[in-house]
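Chemist: Structure below; questions to follow.
The values are calculated or read from the model by the stated rules, or taken from the named source; none is laboratory data. These figures come from a predicted structure and were not determined experimentally. Note that we place each Cβ from the backbone using ideal geometry, even for glycine, and neighbour counts take in every protein chain shown. All accessible areas refer to the heavy atoms of the entire protein, side chains included, with ligands and DNA or RNA removed. Shrake-Rupley method; radii C 1.70, N 1.55, O 1.52, S 1.80 Å.
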Amino acid sequence: MTPAAQRGSRGAVAGLLTEDTPLRRIVPAKAAEALDRHKGLRTVADLLEYLPRRYVDPTQLTDLGELVEGEEAFVVARVARSSTRAMRARRGRLLTVVLTDGSHELDVTFFTPYGHERALAPGRIGSFAGTATTYRGRWQLTHPEYTLLDEDEVAGHVERYRSHLIPVYSSTGALTSMKIRSLVDLVLGSVEEIREPLPAQLVRRRGLPGRAEAIDTLHRPAVGADLRAALRRLRYDEAFVLQTILAQRRAEAQTLVTTARVAAPGGLLAAFDARLPFELTAGQRQVSEVLAAELARSTPMHRLLQGEVGSGKTVVAVRAMLAVVDAGGQAALLAPTEVLAAQHHRSITQMLGPLAADGMLPLGEPDADLDATRRATRVALLTGSQSAPARRAALEDARTGQAGIVVGTHALIQEHVAFHDLGLVVVDEQHRFGVQQRDTLRDKASAAAHLLVMTATPIPRTVAMTVFGDMEALSLTELPAGRSPIETFVVDATRPRWVARTWERVAEEVAKGHQAYVVCPKIGEPAPSSGDRRRAGPEADATAEDGWDRWDDTGDGAGQDAGEAGRELAGVYAVAAELRATPALAGLRVEVLHGRLDPSAKDAAMSAFASGQIDVLVSTTVIEVGVDVPNASTMVVMDADRFGLSQLHQLRGRVGRGRAGGLCLLMTGSDAPPARQRLDAVAATTDGVELARLDLALRREGDVLGARQSGRHTGVRCLRMGDPGDEELIGLAREDATALVAADPTLAAHPVLRDRVAARLDARQAAYLRRG
């Protein structure tokens, strides 16, 4: 029977129903609300593209006497009895339900009885799917998928599944896998037509099955069905629609016009290169050539520069900024923290030397009669905590063009900040900014400004965008001479001897003449006599910038770190006090740094640490990016499981910046497998791109068409970022979509595809793409 005939045989809801039909027209109101709230599914297409996460093979159905340890089991059985008891190792109750087939018994265990205790009453019959294991000599299923049946449904239920695989969907508390399966079955029986968005020639050339056939196969697969071909079709569909949208965006972007920025011969850039005390690496030269060529074009540059901590990204960015200044424009460097902004300002000023002397020469063509060392531009700093006179001066320099380079924090984005001729925006540590924030800065340019974003560890969405080809990446893989390797280890905070050895190790490094960071996830409260000087303005007490995005993908709490919510996090002041009282660290100079300190206190702490007057600096993540103290060889990260992969990689990049080898100790009191998996991954590699791909697999890629940077409610449903096969498929789809859009920019000859694109692109995403 064809898929269309199968759907027709299952009945229909009145009216023409298509993939664009809202689910609320077909499924019960409460179910439609739950699908929307928990899964973000609103239309028929959304539900049909919500694919099973696995299948149970009904040919392996056995009675309860034929279970096999560790294998998937699907059973239909009667509830014989149930009981609850308090758990010994943690709070809460354990529910045990005993199933029977009349001859044998099987225990079903739930660590969260809520909802199950009432439903699984003695005498009820249900179908149960899960992994068979043994405990104290009895067979059991732990948190199985199940649905309850009426007596007269049992025979038909079993016969139906003898010829079909059983799809298992990721569930929520409100919707079990089996309930979702019944909703999918209802929708498939109601839709009049599943339309074909791909050109027939393309379907044949890529060897793809029809869309309707693929959907039916994936949701109601017969035993022996080619699931791989069906899944490949839906993944290709998703890739092709997304690539069509992005191809249209790229075509539109090519119509934007900006001012070409070409470095003047013998100008600031040439003078800067002449005074560099070191040779650029081959990678720095190659990347600089690419950036120079794109800055010289009349269409805006949009580039990602990724490279390991210390690979020389800042020097490359300064060269690009000087090329723009040489051409009569200005460059703005956006940094995520005041500490980093101030350090960038100092380092750029020091690198430029006399070239940063203001008032020597107006911006524009260089004066051939002047010596190169006298061709100068002002470097301005703009932050939120500056004094009023310093702020007014910086604003005036930016507005008049006296400052060719303006370095700042979010203060640069404020409405009253104006530029004379903003030509290039450089965003450092782009994962710390939203897309709208950096585009707000770009909007201060009279013509579309060029954009360069930099990162050591791309966030999931950035990796996804490079995979999709929407953001072109340049990479610096070489480290400058003199950088030392970093060793990373995970420390179990529940083992007192391990903790004691950690502080002994810190003392040993200090005894060698080195220094150490201790990073905490929150600030905490100082002792009344500490003399803490704070300023108004929040810094989150947790790692909000790049925190772990936890979610429950199974509906039973498995995605949560058990018992983590009640654990007290380490605070800067409490840890500093503890370290001062630790015998192994007796006599060491321990001080604190965090974002709530007033600017003078922060500068004093950083200056003292940089000059070697502080042995151990206890800090929040304010030192995460840009802080450069070559003598710091050791870092201890407290409650490391509360930080994201990208953040941990950034943090440990603060050590090993000199001749001494770096040591990073990740301390955690968590025994949750996901947390330990993340920390072990950081300890296993210093490759930031590899960690970013793991982050992508764990956290998902966010909304590829929107501003959401990562998270569960991803804009990609079927594709798996980080999977080589799917990335190859994305490349094929980009090739096909680019050719199709080039021939038919408005998709006039492809109305079904045009409708799919329109349905896929909501108003928020469309606005984001227009901002570019």
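Chemist: I'd like the full set of residues that are part of a loop (DSSP other than H, G, I, E, B) and touching a His at 6+ places or on another chain (Cβ under 7 Å), limited to the range 277-305.
Modeler: Listed by number, the residues that qualify are Pro300, Met301.
Condition check ((1) of a type in the set (Val, Ile, Thr); (2) without any contact (Cβ under 8 Å) to a residue 12 or more places away in the chain; (3) out of contact with any strand residue (DSSP E or B) (no Cβ under 6 Å at 6 or more places or on another chain)) across all residues:
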{"site": "Asp46", "(1), (2), (3)": "no, no, yes"}
{"site": "Pro52", "(1), (2), (3)": "no, no, no"}
{"site": "Ser82", "(1), (2), (3)": "no, no, no"}
{"site": "Thr100", "(1), (2), (3)": "yes, no, no"}
{"site": "Thr109", "(1), (2), (3)": "yes, no, no"}
{"site": "Thr112", "(1), (2), (3)": "yes, no, yes"}
{"site": "Ala119", "(1), (2), (3)": "no, no, yes"}
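Chemist: Of the residues Thr714, Thr738, only one is surrounded by 15 or more Cβ atoms within 10 Å (Cβ to Cβ), at pLDDT 80 or above and under 17 Å from Glu238 (Cα atoms); which?
Modeler: Thr738
Chemist: Tell me the residue from Ala225, Ala247, Ala239 that is touching a Leu at 6+ places or on another chain (Cβ under 9 Å), part of a loop (DSSP other than H, G, I, E, B) and either of a type in the set (Val, Ile, Thr) or touching a residue at least 60 places away in the same chain (Cβ under 8 Å) (or both), please.
Modeler: Among Ala225, Ala247, Ala239, only Ala225 is touching a Leu at 6+ places or on another chain (Cβ under 9 Å), part of a loop (DSSP other than H, G, I, E, B) and either of a type in the set (Val, Ile, Thr) or touching a residue at least 60 places away in the same chain (Cβ under 8 Å) (or both).
Chemist: A follow-up question, please. Within the range 578-602, count every residue that is in contact with a strand residue (DSSP E or B) (Cβ under 9 Å, 6 or more places away or on another chain) and assigned to a helix (DSSP H, G or I).
Modeler: 5
Chemist: Would you confirm whether or not the range 397-408 contains a residue that is assigned to a helix (DSSP H, G or I) and at pLDDT below 85?
Modeler: No, the range 397-408 contains no residue that is assigned to a helix (DSSP H, G or I) and at pLDDT below 85.
Chemist: Can I ask one more? Tell me whether the range 724-733 contains one or more residues that are of a type in the set (Val, Ile, Thr) and either closer than 16 Å to Ala200 by Cβ or open to solvent by 60 Å² or more (accessible area, probe 1.4 Å) (or both).
Modeler: The answer is no; no qualifying residue exists.
Chemist: Please work out if Pro144 is surrounded by fewer than 19 Cβ atoms within 10 Å (Cβ to Cβ) and at pLDDT 85 or above.
Modeler: no
Chemist: Among the strands (runs of 3 or more DSSP E) confined wholly to the range 13-111, which include 2 or more residues that are surrounded by fewer than 13 Cβ atoms within 10 Å (Cβ to Cβ) and modelled with pLDDT of 80 or more?
Modeler: 72-86
Chemist: Now for a different question. Scan the range 271-290 residue by residue and report those that are touching a strand residue (DSSP E or B) at 6+ places or on another chain (Cβ under 7 Å) and open to solvent by less than 30 Å² (accessible area, probe 1.4 Å).
Modeler: Passing the criteria: Gly283, Gln284, Val287.
Chemist: Quick one: is Gln306 within 30 Å of Ala739 (Cα to Cα), in contact (Cβ under 8 Å) with a residue 12 or more places away in the chain, open to solvent by 10 Å² or more (accessible area, probe 1.4 Å) and in contact with a strand residue (DSSP E or B) (Cβ under 8 Å, 6 or more places away or on another chain)?
Modeler: Considered against the rule, which asks whether it is within 30 Å of Ala739 (Cα to Cα), in contact (Cβ under 8 Å) with a residue 12 or more places away in the chain, open to solvent by 10 Å² or more (accessible area, probe 1.4 Å) and in contact with a strand residue (DSSP E or B) (Cβ under 8 Å, 6 or more places away or on another chain), Gln306 comes out as yes.
Chemist: Continuing with the same structure: Determine whether the range 324-331 contains at least one residue that is assigned to a helix (DSSP H, G or I), in contact with a Lys or Arg (Cβ under 7 Å, 6 or more places away or on another chain) and at pLDDT 75 or above.
Modeler: Checked against the condition, which is being assigned to a helix (DSSP H, G or I), in contact with a Lys or Arg (Cβ under 7 Å, 6 or more places away or on another chain) and at pLDDT 75 or above, the range 324-331 yields at least one hit.
Condition check ((1) open to solvent by less than 10 Å² (accessible area, probe 1.4 Å); (2) within 28 Å of Ala743 (Cα to Cα)) across all residues:
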{"site": "Pro209", "(1), (2)": "no, yes"}
{"site": "Ile215", "(1), (2)": "yes, no"}
{"site": "Ala225", "(1), (2)": "no, no"}
{"site": "Phe240", "(1), (2)": "yes, yes"}
{"site": "Val257", "(1), (2)": "no, yes"}
{"site": "Ala260", "(1), (2)": "no, no"}
{"site": "Leu269", "(1), (2)": "no, no"}
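Chemist: Can you tell me which residues in the range 645-684 are assigned to a loop (DSSP other than H, G, I, E, B), touching a helix residue (DSSP H, G or I) at 6+ places or on another chain (Cβ under 7 Å) and more than 23 Å from Asp615 (Cβ to Cβ)?
Modeler: Across the range 645-684, the qualifying residue is only Ser670.
Chemist: On to the next question. Name the helices (runs of 4 or more DSSP H) wholly inside the range 413-516 in which the number of residues that are out of contact with any Gly (no Cβ under 9 Å at 6 or more places or on another chain), at pLDDT 90 or above and open to solvent by 20 Å² or more (accessible area, probe 1.4 Å) is 3 or more.
Modeler: Because the criterion is at least 3 residues that are out of contact with any Gly (no Cβ under 9 Å at 6 or more places or on another chain), at pLDDT 90 or above and open to solvent by 20 Å² or more (accessible area, probe 1.4 Å), the helices (runs of 4 or more DSSP H) in the range 413-516 that meet it are 496-511.
Yes/no matrix, rows are residues, columns are (1) of a type in the set (Gly, Ala, Ser); (2) closer than 22 Å to Arg505 by Cβ; (3) in contact (Cβ under 8 Å) with a residue 40 or more places away in the chain:
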position: Pro583; (1), (2), (3): no, yes, no
position: His594; (1), (2), (3): no, no, yes
position: Ala608; (1), (2), (3): yes, no, no
position: Ser611; (1), (2), (3): yes, no, no
position: Leu617; (1), (2), (3): no, yes, yes
position: Val622; (1), (2), (3): no, no, yes
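This table checks each residue for (1) modelled with pLDDT of 95 or more; (2) farther than 30 Å from Thr383 by Cα.
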| site | (1), (2) |
| --- | --- |
| Pro528 | no, no |
| Ala536 | no, no |
| Glu545 | no, no |
| Ala562 | no, yes |
| Ser600 | no, no |
| Val618 | yes, no |
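Chemist: Which of (1) among the hydrophobic types (A, V, I, L, M, F, W, C); (2) more than 28 Å from Ala34 (Cα to Cα); (3) at pLDDT 85 or above; (4) assigned to a loop (DSSP other than H, G, I, E, B) is the odd one out, the single condition Trp139 does not satisfy?
Modeler: (4)
Chemist: Among the residues of the range 616-647, what is the count of those that are acidic (Asp, Glu), open to solvent by less than 10 Å² (accessible area, probe 1.4 Å) and farther than 22 Å from Asp492 by Cβ?
Modeler: So the answer is 1.
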